[in-house]
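In what follows, a structure is listed as structure tokens, so that the remarks can point back to it.
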Amino acid sequence: MNNKSIVAGLILMLIGGFLFLNKLGFFIPQVYPIIISWQMLLIAIGVIFLFDKKQDQKTVGIILLTIGIIFLLPRIYPMNMCITFT
């Protein structure tokens, strides 16, 4: 068994645990759309690729992780873009 399959299994277990705890009401409703989103999917796939033995797969993992984080940050920290000209 390689590291890549172990990490994929752990990610699936974490998602299942999150969904279970969400049904029990342990999380606030604003967390669910952040965790279950396409950005988090990119982050999870990037983490899986980071644990691959091939160097080019690690590069793809870093790229996917970076793209996922960049697009997820505005959902976590909404910014008010207010530009005033005086």
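Taking (1) among the hydrophobic types (A, V, I, L, M, F, W, C); (2) surrounded by 12 or more Cβ atoms within 10 Å (Cβ to Cβ); (3) part of a helix (DSSP H, G or I) in turn, Met13 satisfies each apart from (2). Inspect region 66-79 for any residue being of a type in the set (Ser, Thr, Tyr), modelled with pLDDT of 90 or more and either assigned to a loop (DSSP other than H, G, I, E, B) or surrounded by fewer than 15 Cβ atoms within 10 Å (Cβ to Cβ) (or both) and give the result as yes or no. Checked region 66-79: at least one residue is of a type in the set (Ser, Thr, Tyr), modelled with pLDDT of 90 or more and either assigned to a loop (DSSP other than H, G, I, E, B) or surrounded by fewer than 15 Cβ atoms within 10 Å (Cβ to Cβ) (or both).
Scanning region 31-56 for residues that are of a type in the set (Val, Ile, Thr) and part of a helix (DSSP H, G or I) yields Ile34, Ile35, Ile43, Ile45, Val47, Ile48.
For region 50-65: of the residues being at pLDDT 90 or above and buried (at least 18 other Cβ atoms within 10 Å of the Cβ), which is farthest from Leu10 (Cα to Cα)? Among residues in region 50-65 that are at pLDDT 90 or above and buried (at least 18 other Cβ atoms within 10 Å of the Cβ), the one farthest from Leu10 (Cα to Cα) is Leu64.
The values are calculated or read from the model by the stated rules, or taken from the named source; none is laboratory data. For clarity, every value in this text was computed on a predicted model and none was experimentally measured. Cβ coordinates were reconstructed from backbone atoms using ideal geometry, including for glycine residues, and neighbour counts include every protein chain displayed.
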